[in-house]
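Working notes, structure below.
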Amino acid sequence: MNEVIPLTGTFFSGTFYTKKYINLVSGSAVSGGFWETIFDGAPTSISSSALVDLTYGISVSSSLSSYTQTYLKEEKQRVYKEMAGHLLGDKKGLFLFNNVRLDDLFFLVFKRRIYKDEISKGNTTITLQVSGTTLNDTLQLTDTGAATSFTVGQAGDEAPLYSGSTQVGKMYYNAGIAVFATGVFVSPTNGSSIYWSGSTASRMDLNQLSVCGSIDHVVDGFKNRVLQVNFHNQTNLHSTIYFCRALHDEFNYSSNPTFIDAEGRIIPTSGTDNQTRTYLTTIGLYDIQDNILGVAKMSEPVKKGPDNEVTVRVRLSY
């Protein structure tokens with residue numbers, strides 16, 4: 001069962017739908033958290049629900065890690081390691097897309113509430129603005145062909161995320177996470193990174209922002225570039241069928257007190273053959289220790305007596 005989930009750029013722009021966090025180091029607050037959370041309303045409202053977490057990470061092999069400035073480098077590396085442990089099964093692992101190592105990555109972590117059991121394969125589209133000055137220069141990241149070409153990794157089903165025919169990231173469907181390289185923000189027209197955070201006066205490219213800013217600064221700049229995120233969630237329905245058989249000499253009596261007369265004699269329920277009859281209304285499913293696991297109600301009572309057998313088909317969905 002699938003449901004279309006459209007997240008418009010309205011949720012990502014500005015600060016109304018965003019909740020930010022702070023880090024505490026030795027009891028002191030450090031500017032910027034490890035991620036930001038996007039809600040479908042004001043984060044302070046009890047009626048709002050979280051939609052997606054946004055964060056940014058770099059590996060220890062990133063060229064940005066060579067800078068000596070204090071710019072919360074360790075926090076960005078921790079994010080990369082945490083995602084590598086979750087998605088690759090190794091916190092020391094490195095993300096490889098089409099055999100190319102990518103050290104600087106954005107992570108979109110969708111909430112279980114909206115992606116359900118998993119994200120449906122082949123229906124994800126992330127539309128981004130890559131130009132620094134106009135809305136004309138946009139690109140789409142898609143998981144085209146994932147329905148038939150996905151692979152199974154440490155985090156479950158996964159497939160490439162493409163910009164055109166170039167792989168720039170990966171979708172992790174069971175984990176509900178989209179990962180893609182910061183290189184998607186390199187403009188195809190002039191070959192330079194066009195990216196900013198804040199006012200026009202503080203515009204800077206992504207590498208500059210990554211070095212001198214916190215994770216919040218990078219995520220804020222990224223949010224300004226998100227125009228639309230579309231995907232289909234998926235709810236997997238599982239079912240098992242049981243056949244319950246009542247033989248001719250079974251279940252012909254009832255513990256109902258009306259089944260006997262005042263002297264304790266069984267009252268024939270129907271017919272002229274002086275035989276008892278029962279009417280089956282409920283089926284119980286038990287384990288091998290006779291613990292009841294489930295109860296099924298029949299659509300209408302079924303007549304049962306010593307002259308007939310009854311077989312009931314029960315479907316257990318979960």
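Between residues in region 305-318 that are outside any strand (DSSP E or B) and residues that are of a type in the set (A, V, I, L, M), which pairs lie under 7 Å by C-beta distance while being six or more apart or on different chains?
What qualifies is GLU309/ALA246; GLU309/LEU247.
Out of the residues in region 229-258 that are outside any loop (DSSP other than H, G, I, E, B) and among the β-branched types (Val, Ile, Thr), state the one that is modelled with the highest pLDDT.
Step one: of region 229-258, the residues outside any loop (DSSP other than H, G, I, E, B) are 229-234, 239-246, 257-258.
Now restrict to residues that are among the β-branched types (Val, Ile, Thr): 229, 240-241, 258.
Working: VAL229: 95, THR240: 89, ILE241: 91, THR258: 74.
If we take residues in region 229-258 being outside any loop (DSSP other than H, G, I, E, B) and among the β-branched types (Val, Ile, Thr), then VAL229 is modelled with the highest pLDDT.
Here's the yes/no breakdown for (1) of a type in the set (A, V, I, L, M, F, W, C); (2) at positive phi; (3) in contact with a Phe, Trp or Tyr (Cβ under 8 Å, 6 or more places away or on another chain):
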{"site": "SER61", "(1), (2), (3)": "no, no, no"}
{"site": "SER65", "(1), (2), (3)": "no, no, no"}
{"site": "TYR71", "(1), (2), (3)": "no, no, no"}
{"site": "ARG78", "(1), (2), (3)": "no, no, yes"}
{"site": "MET83", "(1), (2), (3)": "yes, no, yes"}
{"site": "GLY89", "(1), (2), (3)": "no, yes, no"}
{"site": "ASN98", "(1), (2), (3)": "no, yes, no"}
{"site": "ARG101", "(1), (2), (3)": "no, no, yes"}
{"site": "THR148", "(1), (2), (3)": "no, no, no"}
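Name, by its number, the condition in (1) closer than 20 Å to ASP53 by Cβ; (2) crowded, with 19+ Cβ neighbours inside 10 Å; (3) more than 17 Å from the chain's Cα centre (by Cα); (4) hydroxyl-bearing (Ser, Thr, Tyr) that does not hold for THR124.
Every listed condition holds for THR124 apart from (3).
Only residues that are of a type in the set (Ser, Thr, Tyr), under 22 Å from the mean Cα position of the chain (by Cα) and either crowded, with 24+ Cβ neighbours inside 10 Å or outside any strand (DSSP E or B) (or both): list them for region 161-171, please.
Here is the first cut: in region 161-171, the residues of a type in the set (Ser, Thr, Tyr) are 162-163, 165-166.
Remaining after also requiring under 22 Å from the mean Cα position of the chain (by Cα): 162.
Answer for region 161-171, where residues must be of a type in the set (Ser, Thr, Tyr), under 22 Å from the mean Cα position of the chain (by Cα) and either crowded, with 24+ Cβ neighbours inside 10 Å or outside any strand (DSSP E or B) (or both): there is none.
The values are calculated or read from the model by the stated rules, or taken from the named source; none is laboratory data. Just so we're clear, the structure is a prediction, and the values are computed from it rather than from any experiment. Virtual Cβ from ideal backbone geometry, glycine too; neighbours counted across all protein chains shown.
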